[in-house]
Structures are given as C-alpha cells and as structure tokens.
1. Quick check on my filter: what residues within segment 301-333 are of a type outside the set (Phe, Trp, Tyr), surrounded by fewer than 16 Cβ atoms within 10 Å (Cβ to Cβ) and either without any contact (Cβ under 8 Å) to a residue 40 or more places away in the chain or not assigned by TED's automatic domain parsing to the domain that holds Gly13 (or both)?
2. Those residues that are more than 14 Å from Ala61 (Cα to Cα) and crowded, with 21+ Cβ neighbours inside 10 Å, I need them from segment 24-45; list them, please.
3. Scan segment 3-50 residue by residue and report those that are among the polar types (S, T, N, Q), assigned to a helix (DSSP H, G or I) and farther than 30 Å from Ser97 by Cα.
4. Would you be able to say whether some residue in segment 157-164 is in a loop (DSSP other than H, G, I, E, B) and surrounded by fewer than 23 Cβ atoms within 10 Å (Cβ to Cβ)?
5. Kindly provide the set of residues from segment 37-93 that are charged (D, E, K, R) and in contact (Cβ under 8 Å) with a residue 40 or more places away in the chain, ordered by number.
6. Which one of Val264, Val284 is outside any strand (DSSP E or B) and in contact (Cβ under 8 Å) with a residue 40 or more places away in the chain?
7. Here are Ser147, Ser107: which of them is modelled with pLDDT of 95 or more, polar (S, T, N, Q) and farther than 17 Å from Ser201 by Cα?
8. Name the residues in segment 205-257 that are surrounded by 13 or more Cβ atoms within 10 Å (Cβ to Cβ), under 14 Å from Thr189 (Cα atoms) and without any contact (Cβ under 8 Å) to a residue 40 or more places away in the chain, would you?
Amino acid sequence: MKERALSLAREHGTPLFIIDHDRIRENYRTFKRHLPRVQAYYAVKANSNQEIVKTLFDEGASFDVASYNEFMQVYEFLHHFEEKDKDFYIWDKIIFSNTIKDRDTLSKIRRYKPLVTFDNADELTKIQSHCDTAGVVLRLKVPDIGSQVEMSSKFGAEPGDARALIARAADLGLTVEGLSFHVGSQCTTFDNYTAALDIASQVFHDARKKGHPLKIVDIGGGFPVPYDSRVPDFAKLGEIIESECTRLFPEDVEIIAEPGRFMVATAAVLVSEIIGKARRDGKVFYHINDGVYHTFSGVVYDHWIPNFQAFRPGPMEVCAVVGPTCDSFDKVSLSEQLPADLQIGECLYTENIGAYSTASSTKFNGFEGARILHLHN
C-alpha cells in the first residue's frame, strides 16, 4: 500500500487521504465475528464521509448518529424503501446517542419515532415536549480509566440515580427501552467493560423488578484499534464481552454497540508533501502541506499519536513535522525518527489515520485540507 500510495499521490496531488473500503468491510466483519450477539451501530462521528456510510449501509450495519445532519446521511439510503420498511429501519438500526439534543432536532425527528439516549431529568422533559414518540435509553456513568478519550466527565447518569430517572420517564409517558454506557474511546483496559456491564446489569434487573420492561443494553464504543503492538487483542475482548453478556443478561435482551474508530481507523492512509525544511536549534523541521487544523486534527481532539514514514532510506534523526499554517500551534510531532536528508517536494506516509481526522478538519488559514480518494468502494 505504501508504494501504491506514493504513485496515487503523484497522480492526484497532495495531501492525499486514501480510504480503502475493503478494509472497512474487513473491520466490520471482524467485529461481527468476535461479537456475534452484538448489533453494530457505526458511530458516524468517527468519519462522516458519505461513501463510508454507504459501504457500511450495504454491509448491513446500523448507525449511531448525534445530530439531524448525521441522521439524514443515513436516511438518504432509505428513499427507495416502502414507508413501513423505512419506519422499521429507523427504529431498528439508528440510535441518537447524543444525550443532549436541541429542541429543533427533537421536533424534526419526532415523526420518525426514534431511539434516543438521555442522562438527566431535564432532558426527559424536553424529549416529552418535543419528541414524545421516542423510545429512550438511559446512559449510565461508568469507569473509563486508561482510555485514550474519557467520557464520564461529560456524559452519563450516576447509577444510583437510575431508578428515579426511569420512574420519571414512565411518569412522563415515555418508554425506557434500555440502558447504555461508554467506557471511553480506544479503551485498552478491558476491566472497564466488565465493570460497566456489571453496573448496567444491576440497574437493568432492578428496573425489570419494578415493572419497567427494559430490552436493550448498549455497550457503547471504545473498542481498541491496533495502532501498535501494545494494544491488546480485540478477539480477547470479544470473548470477555460475549461471556459477560451471557452471564448477566437474559437471552431476550438486545445487545448493541457503537463502534466508530474500530471501523475506520486502519482503513485510511495519508500522503503529505514536504513544502519547507529548516534546522531550528539543531533539529530538522519538516513543514508539510497538512497539519493539526486539517487531517491531523486528531492530535488535538483525539489525543492521537501521529506516525510518519519516509518513502526512502537515509540518515535517521529525531525530526519535527509541522503543518502549513502560520500558527505556531500547528506542530504535528516534535519527535519523529525520519531521514534527515529529505528534500522539499518529497513525501511522508501516515498510517491508521481514518478516524477523527478529516471528520474534524477545518479550512483555517485558507487551506482546503486533503483530497479524499476512495479505493474498492
């Protein structure tokens, strides 16, 4: 892929973001193979490129959306459905997992009888007022220690508040369909999952005893991507989750998940071009035509550790790689092992950059960002 990427960059120009849809299909099938009981809702936020959504739609994936615009990206593929099939698809295969939704969005989606999450009483009141057709899922706060991006400081109800929130939903005439949690993005601490499943199980069984027929457990995202050899094996996590779900929940419970990064991170590479070179305080600085305001935005927003390779050998040094904008913040990495004799016009190669990259790219300083090229779509 590396040599082919360089050839494609010469043909199409740089920066070039190459998405391999065969890899997306492989990742989806790997997820299903190791978690056969779990319905996979692709988290569109990880990479909202419409071609990616189409590939996963065609594979049979469900979708986790956070906004009306993301919902409409999926809805685009339902136009040929009959109305009853369209309604069933929206209910069965789309979840609005953002626990806080604005009133306008709720009003727009009311006609679709959506599945939505919540984690506080005020949200329930808002849902009842603007989207009383919704089925609601209570998101619980769970441990996310060691995850690349933690979630619990912003989302999730305390488990001790769950009983009152479920009762409040019932009082408002809403149906609590189930529970959800998120152990944090790129979770390599598998104990987070076992702890979260145990917490959810206690709330779940308590709710059923109180007469609330919960039937969904959403185990969220966080499934680890093999960015390096230190990341534990996903197959092992699959064994743990499958075993715990069997132990903790009845067979009639639907287990769903929201993988985003897992589906797309390894499916894209980037070819960037060196547009400037300087020695600063004795270190080689390579200025490239992409940066943290563009495809490398994950360095800022996702705590992602960038990686660079050259396309030829040379005397290796610790080099800096910085972006094209006139902001000094635009430093991608200050410690990359690269040949020190690379010249302006040569290119660098970055792997595993499919998630939280182009999705959060901007046009800061007038730079357009990478051209996107699709393979095998």
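1. The answer is Arg312, Pro313, Gly314, Pro315, Met316, Glu317, Val318, Cys326, Asp327, Ser328.
2. Here is the first cut: in segment 24-45, the residues more than 14 Å from Ala61 (Cα to Cα) are 34, 45.
Hit for segment 24-45 is Lys45, nothing else.
3. Going residue by residue through segment 3-50, those that are among the polar types (S, T, N, Q) are 7, 14, 27, 30, 39, 47-50.
When the remaining residues are screened for being assigned to a helix (DSSP H, G or I), the result is 7, 27, 30, 50.
Within segment 3-50, Ser7 is the sole residue that qualifies.
4. Quick first cut of segment 157-164, residues in a loop (DSSP other than H, G, I, E, B) only: 158.
Pick out the ones that are also surrounded by fewer than 23 Cβ atoms within 10 Å (Cβ to Cβ) and you get 158.
So far as segment 157-164 goes, yes, one or more of its residues are in a loop (DSSP other than H, G, I, E, B) and surrounded by fewer than 23 Cβ atoms within 10 Å (Cβ to Cβ).
5. Result: Arg37, Lys45, Glu51, Lys54, Asp64, Lys93.
6. Working: Val284 fails: outside any strand (DSSP E or B).
Of the residues listed, the single one that is outside any strand (DSSP E or B) and in contact (Cβ under 8 Å) with a residue 40 or more places away in the chain is Val264.
7. Details: Ser147 fails: modelled with pLDDT of 95 or more.
Answer to the check: Ser107.
8. Within segment 205-257, Pro224 is the sole residue that qualifies.
The values are calculated or read from the model by the stated rules, or taken from the named source; none is laboratory data. Keep in mind the model is a prediction, meaning the values are calculated, not measured. Positions of Cβ are backbone-derived with ideal geometry, glycine not excepted, and every protein chain shown enters the neighbour counts.
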